[in-house]
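Enquirer: If you scroll down you'll find the structure; I have some questions about it.
The values are calculated or read from the model by the stated rules, or taken from the named source; none is laboratory data. This is a predicted model, so every value here is computed, not measured. Every residue, glycine among them, receives a Cβ derived from its backbone with ideal geometry; neighbour counts consider all protein chains shown.
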Ligand SMILES: Cc1cc2nc3c(=O)[nH]c(=O)nc-3n(C[C@H](O)[C@H](O)[C@H](O)COP(=O)(O)OP(=O)(O)OC[C@H]3O[C@@H](n4cnc5c(N)ncnc54)[C@H](O)[C@@H]3O)c2cc1C
């Protein structure tokens, strides 16, 4: 392997300047994991190309020499999607960090993949525009990584996921060909490759340019912060708001463990004695926002909220959000390690699923802090553990797996926005049938016949499923028979 | 609750029959023409039906299988008429965000998804594809496959459910569809104003958007700009206070007539082209030979043109702005009904077709002559 590595280095030196090529162990160390730090592996080498032509040449080389390529944005992914392999190149898009164009009339921006999510809104602000999807990691994560994961955020209930907010892409395939996907109109001719590429986790091509849609910054936004003395009541309040025909810009829930951690960290004014809090943001023209705030306030009161605060200005609104947006790092401060789950369920099962998670938490002796995108049923239970205690990581993963199975059994999915990566690959065997997985594999082959792009992630092989011993849950052998399902 | 009241005694599950029909087609090396309500039979390459040995009719495969208003999710068999879905949703003050064209009352959900055609609110409420959460399909090997799901957020596996929207039945039979629905707006009102030219109209729409007015559709035609506002009653009932006095209120029926091609513009039986492109271009289509007239939707990004244009001349113009032109009705011996694809996309598409439908059973040449 050493000799193939030095041969590859020699050839890559002909493609990129030497400062763009990292191969010493201490240079490689920062790339050994992404946000799922329980999994670590040094790549063979890291390349940080500066031009499209360089990426094309790198891909051609890797394809000729059968070297796996793993793309990396900011490495904030939570499912191990950017985890290297010892025989792979890690292709960092960090140097592609330019915003190429902002078009006011069409309300779009053309950006390179390494641009940070928040930078787009910062640049668009002078035109009174912003980019709506706002993952909590937005100050760090890249738009390329967002497209690869189809990232969401606290505002995607009203404004959609990444897939709804981009209009065209340029990718480079494993053979080094540059392919344009989508065109300047809203619909494009032929098959919808834009949808297929979004969320493809670096398995189908390297994303090198993205046209994103921009929205006009709403003149007013107000957040209601409601406290409840039970999770069930908070859950019912969420359903009532939606049933009343209100689509809030964001509708988030946190349980007591999460509230206490976030409050200690961000001092957002959260009531730490509440069993659950809801954050409900309404945006638009002042008249519209005021009317909806009024309506939501009444619904929350009727749902037995014990306390409701309404943001009086933007500063207060941002403080209310600060706790929620910092929830993960805040929990990170109260535990040596945490493991973030990402299942989505039909909202009506929220109370039952939470009760079951709490039962599992007792069974495994591991505490859980719950943070959710409540409006769209996307749960982020954070399992608190200590990796230094022997066996605790394994127990945590087993517990996490049970939560995923629980989500599937109520008609949900194992991942709402963080992707499958390496983390949830075994649970794909539960969510999809053999035929469906085999079909995904065929789609992969169309783009990457020799399986060089991010191999071993997102789509399990059937032999892997056999090893995992998992059965497809849809077909009747339900794991949680006591729960109602459709 | 609505789970129960929506179940209709006429509902029928034809999945098994479809699987058998597809298996038989594979065995006999036959091609199938997939038909829903046949309201869009004119759409796509005209030579396709003649290449088919028999018809696979989806319109008897009907029934709303799941509808939970507070989850904003509805699942139905592909042959379910849009009219039936709209009716049930309206009872719960909800609607389909994509407000699909119904060129006849037989328009089915499956046909809407297969064609991917979205109504006038597209720039504001999203496309058919944007609303699709999951599909059950039967592929060209007669396998029943489920992609996506019933929840709003789901990134497990490749997003094949959205990928199949607009594939015109060339990849597989769309058997069941799950979509996200939205609450109806409390009030909708429409206004019209004279406008000197297209560019002025586009700029005017943009200005309204930058003022965050609750626009939900626009249409530019014959030097008139028509706009639609939707939102909470309190806001919309008084919306004229935010407009200058050149705006006249007009009937909301305009939008369903526009959507369903019942306006005078669409009635004349000449060739109709559908152009998708950016809004800022200063392309002047009236300079084209045989130009007749033009109607513009989607804030300048969807243009309908009538006239017997020279195909290559039109495509050249559209190419300048990376747009695309589709010969929508009364194809006049065109080479391409849809915009020709780049060699790379054509190559990928051919292989994708091969993957979904290796025996070439479904709708041959419906989109392009190559597959
Ligand atoms: C504190 C915290 C909060 C978070 N909150 C959210 C949230 O609210 N919503 C949400 O959706 N996610 C959230 N995430 C997860 C993560 O930030 C997102 O998945 C994000 O989209 C990853 O972007 P990245 O640039 O870090 O990508 P990376 O982690 O570097 O890569 C992610 C995947 O994309 C691939 N990839 C990256 N760039 C490209 C490219 N140019 N071409 C092809 N493939 C590429 C990689 O191979 C990998 O599979 C959070 C993470 C953290 C740590």
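Enquirer: Hey, could you check the stretch A:406-425 for residues that are closer than 25 Å to residue A:135 by Cα and in a helix (DSSP H, G or I) and say which is farthest from the other protein chains (Cβ to nearest Cβ)?
Expert: If we take residues in the stretch A:406-425 being closer than 25 Å to residue A:135 by Cα and in a helix (DSSP H, G or I), then A:406 is farthest from the other protein chains (Cβ to nearest Cβ).
Enquirer: Residues A:73, A:152, A:77, A:145: which one is buried (at least 24 other Cβ atoms within 10 Å of the Cβ), out of contact with any helix residue (DSSP H, G or I) (no Cβ under 7 Å at 6 or more places or on another chain) and under 25 Å from residue A:31 (Cβ atoms)?
Expert: Answer to the check: A:145.
Enquirer: Does residue A:36 satisfy being more than 13 Å from the ligand (Cβ to nearest atom) and either without any contact (Cβ under 8 Å) to a residue 40 or more places away in the chain or more than 14 Å from chain B (Cβ to nearest Cβ) (or both)?
Expert: So residue A:36 fails the test.
Enquirer: Same structure, new question: Among the residues that make up the stretch A:128-141, is at least one of them at pLDDT 95 or above, touching a helix residue (DSSP H, G or I) at 6+ places or on another chain (Cβ under 9 Å), more than 12 Å from the ligand (Cβ to nearest atom) and within 11 Å of chain B (Cβ to nearest Cβ)?
Expert: Yes: the stretch A:128-141 contains one or more residues that are at pLDDT 95 or above, touching a helix residue (DSSP H, G or I) at 6+ places or on another chain (Cβ under 9 Å), more than 12 Å from the ligand (Cβ to nearest atom) and within 11 Å of chain B (Cβ to nearest Cβ).
Enquirer: With the structure loaded, tell me whether residue A:397 is crowded, with 18+ Cβ neighbours inside 10 Å and either under 28 Å from residue A:145 (Cα atoms) or within 12 Å of chain B (Cβ to nearest Cβ) (or both) or whether it fails that test.
Expert: No; evaluated as a whole, the condition is false for this residue.
Enquirer: Do we have residue B:189 as at the interface with chain A (Cβ under 8 Å from one of its Cβ atoms) and either surrounded by fewer than 23 Cβ atoms within 10 Å (Cβ to Cβ) or out of contact with any strand residue (DSSP E or B) (no Cβ under 6 Å at 6 or more places or on another chain) (or both) here?
Expert: Judged against the criteria, residue B:189 is not a match.
Enquirer: Which of the residues spanning the stretch A:453-467 are surrounded by fewer than 20 Cβ atoms within 10 Å (Cβ to Cβ) and either in contact (Cβ under 8 Å) with a residue 40 or more places away in the chain or facing chain B (nearest Cβ under 10 Å) (or both)?
Expert: Residues satisfying the conditions are A:455, A:456.
Enquirer: Still on this structure, I have one more. So for the stretch B:47-70 (the condition being assigned to a strand (DSSP E or B), in contact (Cβ under 8 Å) with a residue 24 or more places away in the chain and within 19 Å of the chain's Cα centre (by Cα)), does at least one residue qualify?
Expert: Within the stretch B:47-70 (the criterion being assigned to a strand (DSSP E or B), in contact (Cβ under 8 Å) with a residue 24 or more places away in the chain and within 19 Å of the chain's Cα centre (by Cα)), the answer is no, since none of the residues qualifies.
Enquirer: Which ones in the stretch B:124-143 are facing chain A (nearest Cβ under 8 Å) and in contact with a strand residue (DSSP E or B) (Cβ under 8 Å, 6 or more places away or on another chain)?
Expert: Residue satisfying the conditions is B:139 alone.
Enquirer: A further question follows. Has the stretch A:87-104 got at least one residue that is closer than 13 Å to residue A:208 by Cβ, assigned to a strand (DSSP E or B), touching a residue at least 12 places away in the same chain (Cβ under 8 Å) and away from the ligand (no atom under 11 Å from the Cβ)?
Expert: yes
Enquirer: Still on this structure, I have one more. Can you say whether residue B:293 is more than 14 Å from every other protein chain (Cβ to nearest Cβ), surrounded by fewer than 18 Cβ atoms within 10 Å (Cβ to Cβ), at pLDDT below 95 and not in a strand (DSSP E or B), as far as the supplied structure shows?
Expert: no
Enquirer: Within the stretch B:162-186, can you find the residues that are closer than 19 Å to residue B:137 by Cβ and more than 10 Å from chain A (Cβ to nearest Cβ)?
Expert: B:169, B:172, B:173, B:174, B:175, B:176, B:177, B:178, B:179
Enquirer: Quick check on the stretch B:78-94. Is at least one of its residues in a helix (DSSP H, G or I) and within 10 Å of another protein chain (Cβ to nearest Cβ)?
Expert: Within the stretch B:78-94 (the criterion being in a helix (DSSP H, G or I) and within 10 Å of another protein chain (Cβ to nearest Cβ)), the answer is no, since none of the residues qualifies.
Enquirer: Also: Looking only at the stretch A:152-187, filter to residues that are away from the ligand (no atom under 15 Å from the Cβ), in contact with a strand residue (DSSP E or B) (Cβ under 6 Å, 6 or more places away or on another chain) and more than 7 Å from chain B (Cβ to nearest Cβ); which one of those is nearest to residue B:127 (Cα to Cα)?
Expert: My answer is A:167.
Enquirer: Need at least 1 residues that are within 23 Å of the chain's Cα centre (by Cα) and more than 14 Å from chain B (Cβ to nearest Cβ) per element, so show me which helices (runs of 4 or more DSSP H) inside the stretch A:274-383 make the cut, counting only ones lying wholly within it.
Expert: A:314-325, A:327-334, A:350-364
Enquirer: Is there a residue being crowded, with 24+ Cβ neighbours inside 10 Å, in a helix (DSSP H, G or I) and at pLDDT 95 or above anywhere in the stretch A:109-117?
Expert: Yes - at least one qualifying residue is present in the stretch A:109-117.
Enquirer: So residue A:125 clears everything in (1) within 14 Å of chain B (Cβ to nearest Cβ); (2) more than 8 Å from the ligand (Cβ to nearest atom); (3) in contact (Cβ under 8 Å) with a residue 60 or more places away in the chain; (4) not in a helix (DSSP H, G or I) except one condition, right? Which one?
Expert: (4)
Enquirer: Further question: Determine which member of the set A:147, A:115 is touching a residue at least 24 places away in the same chain (Cβ under 8 Å), outside the structural domain of residue A:22 (by TED's automatic domain parsing) and more than 8 Å from the ligand (Cβ to nearest atom).
Expert: A:115
Enquirer: Next question, about the same structure. Just the residues that are within 10 Å of chain A (Cβ to nearest Cβ) and under 14 Å from residue B:190 (Cα atoms), please, taken from the stretch B:223-232.
Expert: Residue satisfying the conditions is B:231 alone.
Enquirer: In the stretch B:221-257, which residues are assigned to a helix (DSSP H, G or I) and at pLDDT 95 or above?
Expert: Once the filter is applied, which keeps residues that are assigned to a helix (DSSP H, G or I) and at pLDDT 95 or above, the stretch B:221-257 yields B:236, B:239, B:240, B:241, B:242, B:253, B:254, B:255, B:256, B:257.
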